[in-house]
1. With the checklist (1) assigned to a loop (DSSP other than H, G, I, E, B); (2) closer than 25 Å to LEU558 by Cα in hand, flag the one item LYS645 doesn't pass.
2. Out of GLU563, GLU580, which single residue is modelled with pLDDT under 90 and in a helix (DSSP H, G or I)?
3. Report every pair of residues separated by at least 6 positions or lying on different chains whose Cβ atoms are under 6 Å apart, first residue within the stretch 118-138 and under 13 Å from ILE97 (Cβ atoms), second polar (S, T, N, Q) and not in a loop (DSSP other than H, G, I, E, B).
4. At pLDDT below 90 and either in the same structural domain as GLU533 (by TED's automatic domain parsing) or assigned to a helix (DSSP H, G or I) (or both): which single residue out of LYS575, LYS589 fits that description?
5. Being within 17 Å of LEU121 (Cβ to Cβ) and either within 19 Å of the chain's Cα centre (by Cα) or not in a helix (DSSP H, G or I) (or both) is the filter here; which residues of the stretch 518-545 pass it?
6. Which residue pairs have Cβ atoms closer than 6 Å, lie 6 or more positions apart in sequence or on different chains, and pair a first residue in the stretch 387-415 that is under 25 Å from GLU368 (Cα atoms) with a second residue that is polar (S, T, N, Q) and surrounded by fewer than 17 Cβ atoms within 10 Å (Cβ to Cβ)?
7. How about the stretch 16-99: which strands (runs of 3 or more DSSP E) wholly inside it have at least 3 residues that are out of contact with any Pro (no Cβ under 8 Å at 6 or more places or on another chain) and at pLDDT 80 or above?
8. Looking at (1) closer than 27 Å to ALA365 by Cβ; (2) basic (Lys, Arg); (3) surrounded by fewer than 16 Cβ atoms within 10 Å (Cβ to Cβ), which is the only condition LYS418 fails?
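The values are calculated or read from the model by the stated rules, or taken from the named source; none is laboratory data. All figures in this text were calculated on a predicted structure; none of them were measured in a lab. Ideal geometry is used to build each Cβ from the backbone, glycine not excepted, and the neighbour counts take in all protein chains shown.
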Amino acid sequence: MDALAEYHAIFKLIDFNSLQAHLTAFSIEKKLLAIANNETIYIYNTQTKKQLYRIKSYDGAITQLFFLPHSQHILTATTNGRVILYNYKDTHYNIRIFSSIKKYKTQLPIRISAFALRGRLLAIGSADGKVNLIHRGNYSIIKELHPSSVTIATLCLTDTNRLIIIDIDGEIFNYDLEELEKSQSLLIHLKHTKQLLQIPKSNFLLIHANQNFITLFDIKSYKILRHKYLTFHKNISYMEISEDGNLLVILENREILHITLQNEEKLHSLILHNMIEEAYSFIDDNPQLLASKEYENLEKIYKKKYVNALNALQREEKKKAQKLLENFAKITSKKEDIKLLFRAYSYYERLQTLFLQQSHAPAYALCEKYPPLQYTKEYKAMEEEYKKIYTNAQKQIFLKDTQKAKKLLFPYFTVLSKKESIELILKENRDFLSFLDAIKKRKSQELNKLLAEHPNFSQLAPYKAFIAELDSTLKHINNELNKGAIEKATQMIMDVKEITLTRKEVNFLEKKAKVIQALIQNYKKSQFKRCYEILDAYPEIFLELNLAKMLEKHWNKLMQKCEKYALSGNIQGIKITLKEFLTLKSRAKRVGDILRLTFIVAIDDFISKKKFKSAENFIYYYIDIFGLDTNLQRVMYEYEKKSSKRLALIVQTKRVERDEWLNNKLIVD
């Protein structure tokens with residue numbers, strides 16, 4: 001049975017109205033369906049159609065639901081401002097990952113309105129316009145962002161290391177995860193957005209706002225590509241990207257739709273069978289394919305045909321040119337381009353005449369009006385001649401012979417496309433040449449000085465090319481660091497270190513190189529505890545490093561093993577498993593939560609076996625080590641109910657910090 005058929009079956013079986021379900025979520029394998037009804041979560045098996053588990057929340061109504069991939073955990077957010085992780089197979093297991101209450105019992109909770117998860121990161125949005133970025137390895141807050149003054153509607157962590165945020169007013173914010181200090185923002189007028197999904201391995205986002213359409217947004221160009229990319233006959237209730245990379249949409253009437261997204265195979269087939277018109281029509285319907293290799297290949301075919309047609313026109317073979325471009329003539333995006341080509345070549349003879357007469361101004365004007373003429377041998381010869389004259393004029397400026405430079409350039413004074421470059425050399429003269437020399441010699445201080453005096457220099461092609469080259473180099477260095485190639489990256493950093501234009505970026509890359517080198521060195525020395533301390537001290541640096549991913553994978557295996565020990569009340573098993581990591585302060589929150597769970601399970605077990613004295617002792621141990629919390633209050637209530645005995649407790653006036661257990665000899669010795 002395919003995923004779509006499974007969805008149809010489960011929705012047909014379950015009476016959602018009787019459950020008053022307001023949230024649904026599917027596990028990544030599509031074997032489980034979670035339904036939230038106020039403070040209760042029901043989990044169904046989509047194959048047997050039976051309810052498997054029921055989870056009761058004691059932290060307010062559920063506002064968000066999410067199955068953690070390839071695990072037996074479900075993540076929830078509540079109106080009381082908390083994010084809780086449940087093991088749905090054993091409801092003893094519930095860990096508080098985040099709370100919006102900063103001060104103990106002195107501040108009202110702030111509703112959690114959105115979250116997103118990818119890899120080691122969890123992003124949590126709330127009603128006060130804040131977003132907290134959480135490290136899943138230790139549940140610590142990496143960064144608190146405050147992009148908006150209104151409720152965060154939805155979030156997305158992309159596979160290109162970006163955090164995308166949309167607030168309820170329809171403003172979208174774009175953060176680079178390696179540079180969280182600044183964001184890009186845009187008002188897209190999609191209010192109260194419900195979901196935000198990335199099309200895998202692309203720069204495209206799918207957005208829906210409880211309406212009957214999905215909007216396609218391009219992160220790279222930072223604009224809406226198509227407001228109503230997909231339209232349906234009913235409003236959308238839920239959508240998700242399936243494992244095969246396609247889209248599953250659930251409408252408000254519980255109808256399920258399966259939609260193929262990036263179908264490069266189909267585009268490839270259309271190109272292969274020379275179905276050019278159909279290929280471009282398919283791209284018009286699927287604009288995300290504009291970033292695909294197949295579209296690139298299609299444009300290469302067009303460019304080759306265009307150049308061949310252009311050459312045919314120069315040989316006065318108009319019919320051959322028409323034949324070459326006949327498959328593209330009806331394409332909307334190419335019609336004007338092709339018409340202009342044939343119109344331009346009706347003036348080719350005129351260009352040849354002007355070229356022979358050396359009438360530069362009208363020849364250039366003709367080529368500017370009809371750009372296809374710029375592919376001709378005459379235009380190329382004109383450009384080559386201009387370059388020689390311009391270079392000679394530069395030499396005369398250096399020799400302080402401005403009059404001779406003017407004389408050389410005089411024939412081009414009325415050529416519109418040459419006006420700016422001529423004015424620069426004649427009016428700004430030495431400064432302009434110094435600027436070009438500074439670009440060539442990469443003298444950034446000189447560049448900054450000249451740019452301050454002549455802001456228009458920043459529009460020059462050589463300067464733009466210089467900046468583009470720098471950006472490319474910095475990206476290359478970052479990629480090398482992510483691969484762990486420290487020596488190569490360090491050498492590349494030295495090559496750009498003196499360029500003050502990139503000082504901030506280079507300083508970050510230098511820091512990244514040193515931190516990664518320290519991590520690698522400690523790993524080689526088997527100083528694994530220190531490795532995790534480094535990872536946790538600089539979480540933004542290790543997003544893509546393979547060694548960091550491997551260490552986190554090992555940590556997750558340890559946590560899974562410890563969770564099993566916790567669910568059997570085996571504290572000793574946890575201590576043996578973790579060894580030196582038991583006292584890893586940067587991950588004390590997660591380890592502490594597992595230890596709390598172990599005690600709760602042990603106390604429950606003692607109560608069920610009527611070993612009330614042992615249960616009482618463990619309750620007091622728990623208070624001494626961890627303080628009083630809601631989980632303990634639950635088992636205390638059970639203890640007093642089953643034993644008919646009141647616990648003698650002193651009212652706790654001081655809050656016990658979450659990592660205080662690290663100082664307790666009962667745990668760490």
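1. Of everything listed in (1) assigned to a loop (DSSP other than H, G, I, E, B); (2) closer than 25 Å to LEU558 by Cα, LYS645 misses just condition (2).
2. Numbers: GLU580 fails: modelled with pLDDT under 90.
Just a single option satisfies the conditions, and that option is GLU563.
3. ILE124/ASN132; ASN138/SER586
4. None of the others qualify; the one that does is LYS589.
5. Listed by number, the residues that qualify are TYR538, PRO539, GLU540, ILE541, PHE542, LEU543, GLU544, LEU545.
6. As it stands, the answer is LEU408/ASN392, since those pairs meet every condition given.
7. Working: elements: 23-26, 32-37, 40-45, 51-56, 62-67, 73-78, 82-87, 94-99.
By residue number, 32-37, 40-45, 51-56, 62-67, 73-78, 82-87.
8. Unmet condition: (3).
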